[in-house]
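Q: Have a look at the structure that comes next, please.
The values are calculated or read from the model by the stated rules, or taken from the named source; none is laboratory data. If you're wondering where the values come from, they're calculated on a predicted model, not measured in any experiment. FYI the Cβ positions are ideal-geometry reconstructions off the backbone, even for glycines, and counts take in every protein chain you see.
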Amino acid sequence: MASYDCEEDEDGRNETPLERLDRNLQELLSELRIVVTGVQVLFAFLLVVPFNVGFVHIGPFQRGVYFVTLLFAALAAVCMLAPPAHHRILFRCDDKRNIVFAANRLMITGLGCLALAMCGSLLLVATKLFGVATGVLTVGLAAIFFLVIWFGLPLVRKAKLNSARASCAERTVEHRIAATELRVRRLP
């Protein structure tokens, strides 16, 4: 695990704020290309399910699960497809910082919706095959994995990095105060 170096600029790159935003936008768009395909496949699958012959034999609980799952898949698609729409509409408006930060929030929201849609899909299939108890247990375990792997681990890492940065900032301030006091003492 890499530690935070107080001497380096955030990630050690020598880039202007605009270059950093350009790089962040490219990284975000690359991530979107990967995720959007999965969202579209899940959404398309969910759209055709009601037209299958067996769908008429599911109960009200499964119909409710299906509908909520379909809504979460649609919301995931909306969130994941919004950043390119924002970028196109705000093209040449010199608002890249807002585009990058808004796109980041939309992607995180979209990932949350995707996790819920995937859990809903698992619930729908597991309850059809094995009953409600097994379905709920399956979704509970899947939800724990989503929470830990997609959100928990990066948030814990972020907290550690923020703590290290704050510690560096404190040491830098203390060092500057000490240097100033030393200069003041040396004055005649």
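Matching residues to (1) at pLDDT 95 or above; (2) of a type in the set (G, A, S); (3) over 30 Å from E27 (Cβ atoms):
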residue: P50; (1), (2), (3): no, no, yes
residue: G54; (1), (2), (3): no, yes, yes
residue: Q62; (1), (2), (3): no, no, yes
residue: V68; (1), (2), (3): yes, no, yes
residue: G135; (1), (2), (3): yes, yes, yes
residue: V139; (1), (2), (3): yes, no, yes
residue: A143; (1), (2), (3): yes, yes, no
residue: F146; (1), (2), (3): yes, no, no
residue: W150; (1), (2), (3): yes, no, no
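Q: Give the residue that is farthest from F151 (Cα to Cα), with candidates limited to residues of the stretch 90-105 that are among the hydrophobic types (A, V, I, L, M, F, W, C) and surrounded by 14 or more Cβ atoms within 10 Å (Cβ to Cβ).
A: Kept after step one, since they are among the hydrophobic types (A, V, I, L, M, F, W, C), are these residues of the stretch 90-105: 90-91, 93, 99-103.
Applying the additional criterion that residues be surrounded by 14 or more Cβ atoms within 10 Å (Cβ to Cβ) yields 90, 99-100, 102-103.
Details: L90: 29, I99: 22, V100: 20, A102: 18, A103: 17 Å.
Taking the candidates together, the pick is L90.
Q: Follow-up. Looking at the structure I just gave you, is L123 surrounded by fewer than 21 Cβ atoms within 10 Å (Cβ to Cβ) and at pLDDT 95 or above? Talk me through it step by step, then tell me what you get.
A: On the way: surrounded by fewer than 21 Cβ atoms within 10 Å (Cβ to Cβ): no; at pLDDT 95 or above: yes.
Spelling it out, it is not the case that L123 is surrounded by fewer than 21 Cβ atoms within 10 Å (Cβ to Cβ) and at pLDDT 95 or above.
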